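K.L.:
Structure incoming, see below.
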Amino acid sequence: MLTRVWPLMIAPSPAPKPPRRKVWLWVLAALGLLLVALVGVAWWLVPPWLEQVAARSLTSRLERRLGQPVTVARVEFDLPRVILHDLSIGQTERRSDEGSHSAGRGSGAVHIRLDEIEVLLDEDALWSGRAEPVDARVRGGIVVGERASLEELGARLRRRDVEPEPATRGRVGLVPEHLSIRDLRLDLWQGDREDPPRHVEAVVRLSATPAAGKASVVLERLYLRHESLPTIRAAAVHTEIVLDRTETGTGTGTGTGTGRALRFPLTVQVEGVGTQVTPQIAVAGVDGRITIADAEISEITVDLEGGFSDRDDGPTAARLWSLSGRVRRDRSEGALTVSMESFRLGKVPRVLAALPVVESEAATVGGRVALRFGSGLARAEGRVRLDGLNVAHRLLARQTVRDVGFDLDFAVEIDPHKPRVTLHHATIERAGVSLRLRGELVHPAERSDRRYRLHAEIPPTPCQHVLEAIPAALVPSLEGFTLGGTFGLDVDVDVDFADLDALRLGGGVGLRGCRVESRPARAAAERLAGGFTHRVTMRDGQLRAVHLFPGSGTFTPLDQISPFMVQAVLTTEDGGFWRHKGFLPSQFRTALRRNLEAGKVRLGASTITMQMVKNVLLSHERTLARKLQEMILTWYVESVLTKQRIMEIYLNIVELGPGIYGVTRAARHYFGKHPGRLTPPEAAYLALMLPSPVRRHAQYCHGELSPRFAVKLARILRIMNERGRLDDLDYEIWKEAPLEFDLRERGETGTCLGEIEVLMAAREGQRALTGLLADPELARWAEVEEPMYVPSDEGMIDEFEDDVLGDDDLKDNDPANVDAPGVPAMDE
């Protein structure tokens, strides 16, 4: 419409002059060129100015605050963004093989290198000549060095008494509104760099709002070593940090100011944590959270679950256990609960492989344990069940012990300040049989302050139930035995290291309440009471046979053996033989006391009956299984044989030299005579052979006694006289009589000694081939009367050979103090 009206409103006029359109175009063009010029000038002039000011101001302020050299390799501007490349704080360091910087070892220095820092600046502040960071992002780098040095750098960075240079004051800000860090590696230690008692490594991710004092921190691939804790590894540790403003000192000592303090409680989320529990087993794949009450860590709350592995940095493990609860650091109060659902050990194959077990993938374990804390003490109580474990350990048994399983119900109190463990009760149940334990263990570093007290009890239980509760591999020689009667056990042990002479070993094992209702043929009383052939394999696999029949040439009835021989073995081996029922409690007590004094096994407690059982029915292997069988069979033998028959068998089968079994063969070999004609020195010599008949055969190889062995022999004769086993007249006649060997069977001295070395180095376990543990295949070879070598690829080194102590360990006038398996007439 305006186009229609507009011509009517304009009066006719003279022809207009041409408009000045070209002038305005020139003006606009000039303004445009000026603007372009200004932009160009800004483009070319502002960045160099800003780069110089920013880089110089930043490095100058940091150097003044930190007291360390600061360098920036390159500054890249893309306003309002600035990117700093390779910001370095500290002395220039060499690169390691991995390509990362490392601080000087042992120097205590700290070095920080940040690969890239991208800073977003406030655009408005830029035009006012200020560089105010809005957002800062750190990508990659390393912080490496001694912890104290890093803390010193942090303290200097927070100081307010270091003023910036006037030329740069307020021109460059150091704290952004938001800060993020990614892939920053930490490698910090305390103490010696080569072997630090405390060490932490991690890769850091952080997102923080410094002004608000809030940050989210993630530590990945964490490694933490502490001198008083197991080493910890974690896939990730995450926490949210809040810093609250507090009134604090300025650091100058002239007043107070505003500071920051970490807000508590602090909750830490963990993923994939692992730590070693034993050299073979570690917890692994631990997830959950830990809440710390305050800066002093006076109280923590945990809620964790995880699994097991064979090493702390193993793969994520299946969830097999959980730990939850709260506890104060001083253990004044708190409670923790450990739960483990029953699971098959096949789920942790690497742990299974580290244990002394075989074919135990189907074995299960589970239970629940409650830990309660109060007054600085810890109390643990719970119930654990294990089923189907097959244990293979050479100190337990020669064969795999299968189907090991039991229920354990316990309550124990721990006082770490003593340190003291009080066992209020522990009940081990298997196949209806309960073993109950209670006691106290005080075990400080000072040995003389230690004290152990233990009470063990099995309430009256059918003997057959007890036998069936023992895994078959622990008592293979008892296969075929059926027992009647009732068994009971009640034993007390009290060991005070400050007074070992007062050691108490009391109570009893109620085998006497049991009776044998049936037994295998090889253990029949008739067989043992009558004539039989005893076959044995030696340590090197050679076989020997002793025929316990009159007129066989290898057997001498007891009434035809020199009484001096009987009295000599009573003196060195078992003084209470004629009175005890197979066991001598005083020997057990004496052996325990002397072993505790020595801090190792130096003395056994075998009676003559126990030695006979070991030699005739069992083997010489040093295992718990053999000792257990020996105890039970000793009770059986004492119940079916007379003392005279036990002594007769013992003297006719005991080893008295390399391949020399029985007193008949020994008397002929060493002295060329019948055992009935042995003199007191000759009998004493043979008795002294018993602890180590192979090694001590060297006396015969040399053709005469060593001075030290002669002293032992003289002492044996004197003790026999003092204890009424050698009358005064015989003692005066024989006490200084020289011992003369019959050397017709010796051969060359070197050959004789060589036989000893071969036997001592052999790996075949010595055992009876016709006893309850006989190997039928080897027993077949033993039918050959002449010695025959049977090669063997397996066997077991007898680490606790009776004579390992040697002659040098004789400490007093008791010749059996250190090297005899029993105690000479100690009960007399």
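K.L.:
Go through region 642-738 and tell me which helices (runs of 4 or more DSSP H), entirely inside it, have 1 or more residues that are within 45 Å of the chain's Cα centre (by Cα). Before the answer, list the steps.
P.N.:
Values: elements: 643-653, 663-671, 680-689, 698-702, 707-722, 728-734.
Ranges flagged: 643-653, 680-689, 698-702, 707-722.
K.L.:
Which condition number does T427 fail, the rest of (1) in contact with an Asp or Glu (Cβ under 8 Å, 6 or more places away or on another chain); (2) outside any strand (DSSP E or B); (3) under 30 Å from R450 (Cβ atoms) being met?
P.N.:
Unmet condition: (2).
K.L.:
Residues in region 338-345: is at least one at pLDDT below 90, in a helix (DSSP H, G or I) and over 26 Å from R450 (Cβ atoms)?
P.N.:
Checked against the condition, which is being at pLDDT below 90, in a helix (DSSP H, G or I) and over 26 Å from R450 (Cβ atoms), region 338-345 yields at least one hit.
K.L.:
If you don't mind, there's one more thing I want to ask. Just one of the numbered conditions (1) without any contact (Cβ under 8 Å) to a residue 12 or more places away in the chain; (2) in a strand (DSSP E or B) is not true of G405; which one?
P.N.:
Here G405 meets the rest and fails (1).
K.L.:
Quick one: how many residues across region 438-447 are surrounded by 15 or more Cβ atoms within 10 Å (Cβ to Cβ) and among the aliphatic types (A, V, I, L, M)?
P.N.:
2
K.L.:
In the set M631, M610, which member is crowded, with 23+ Cβ neighbours inside 10 Å and part of a helix (DSSP H, G or I)? Reasoning before the result, please.
P.N.:
Working: M631 fails: crowded, with 23+ Cβ neighbours inside 10 Å.
Residue meeting the stated conditions: M610.
K.L.:
Still on this structure: Restricting to region 441-466, name every residue that is acidic (D, E) and either modelled with pLDDT of 95 or more or closer than 28 Å to D387 by Cα (or both). Give the steps one after another, and end with the answer.
P.N.:
Step one: list which residues in region 441-466 are acidic (D, E), which gives 446, 449, 457.
Correct list: E457 only.
K.L.:
Looking only at region 346-368, which residues are touching a residue at least 24 places away in the same chain (Cβ under 8 Å) and either in a strand (DSSP E or B) or of a type in the set (G, A, S) (or both)?
P.N.:
A353, A354, V357, S360, A362, A363, T364, V365, G366, G367, R368, listed by residue number.
K.L.:
In region 312-337, what residues are outside any strand (DSSP E or B) and either modelled with pLDDT of 80 or more or crowded, with 16+ Cβ neighbours inside 10 Å (or both)? Write out each step before concluding.
P.N.:
Step one: filter region 312-337 for residues outside any strand (DSSP E or B), giving 312-320, 329-332.
Passing the criteria: D312, D313, G314, T316, A317, R319, L320, R329, D330, R331, S332.
K.L.:
Kindly list the number of the only condition in (1) open to solvent by less than 80 Å² (accessible area, probe 1.4 Å); (2) modelled with pLDDT under 90 that fails for L483.
P.N.:
(2)
K.L.:
Now for a different question. Looking at A109, A167, A125, A131, which one is modelled with pLDDT under 80, surrounded by 12 or more Cβ atoms within 10 Å (Cβ to Cβ) and over 24 Å from G213 (Cα atoms)?
P.N.:
Values: A167 fails: surrounded by 12 or more Cβ atoms within 10 Å (Cβ to Cβ); A125 fails: over 24 Å from G213 (Cα atoms); A131 fails: over 24 Å from G213 (Cα atoms).
Matching residue, one of A109, A167, A125, A131: A109.
K.L.:
Taking only region 570-590 into account, find how many residues are over 17 Å from T642 (Cα atoms) and surrounded by fewer than 21 Cβ atoms within 10 Å (Cβ to Cβ).
P.N.:
5
K.L.:
Take R193 and decide whether it is under 43 Å from the mean Cα position of the chain (by Cα), surrounded by 14 or more Cβ atoms within 10 Å (Cβ to Cβ) and at pLDDT 90 or above.
P.N.:
Values: under 43 Å from the mean Cα position of the chain (by Cα): yes; surrounded by 14 or more Cβ atoms within 10 Å (Cβ to Cβ): yes; at pLDDT 90 or above: no.
Here the answer is no, as R193 does not meet what is asked.
K.L.:
Moving on. Could you tell me whether region 63-75 includes any residue that is in contact with a Pro (Cβ under 7 Å, 6 or more places away or on another chain), in a helix (DSSP H, G or I) and modelled with pLDDT under 75?
P.N.:
So far as region 63-75 goes, no, none of its residues is in contact with a Pro (Cβ under 7 Å, 6 or more places away or on another chain), in a helix (DSSP H, G or I) and modelled with pLDDT under 75.
K.L.:
If you don't mind, there's one more thing I want to ask. Determine the pairs where a residue that is among the charged types (D, E, K, R) and surrounded by fewer than 15 Cβ atoms within 10 Å (Cβ to Cβ), located within region 225-247, has a partner that is modelled with pLDDT under 90 and not in a strand (DSSP E or B) with Cβ atoms under 7 Å apart, the partner being 6 or more residues away or on another chain.
P.N.:
Cβ pairs passing all conditions: E227/P197; D244/G213.
K.L.:
Right, something else. Being in contact with a strand residue (DSSP E or B) (Cβ under 7 Å, 6 or more places away or on another chain) and farther than 25 Å from D287 by Cα narrows it down to one residue among V365, V338, V401, V351; which is it? Outline the logic, then answer.
P.N.:
Numbers: V365 fails: farther than 25 Å from D287 by Cα; V338 fails: farther than 25 Å from D287 by Cα; V351 fails: farther than 25 Å from D287 by Cα.
Going through V365, V338, V401, V351 in turn, just one is in contact with a strand residue (DSSP E or B) (Cβ under 7 Å, 6 or more places away or on another chain) and farther than 25 Å from D287 by Cα: V401.
The values are calculated or read from the model by the stated rules, or taken from the named source; none is laboratory data. The structure displayed is predicted, hence computed values, not measured ones. Note: ideal-geometry Cβ built from the backbone for every residue, glycine included; neighbour counts use all protein chains shown. For the accessible areas, the whole protein counts, side chains as well, though only heavy atoms, and no ligand, DNA or RNA atoms are used. Shrake-Rupley method; radii C 1.70, N 1.55, O 1.52, S 1.80 Å.
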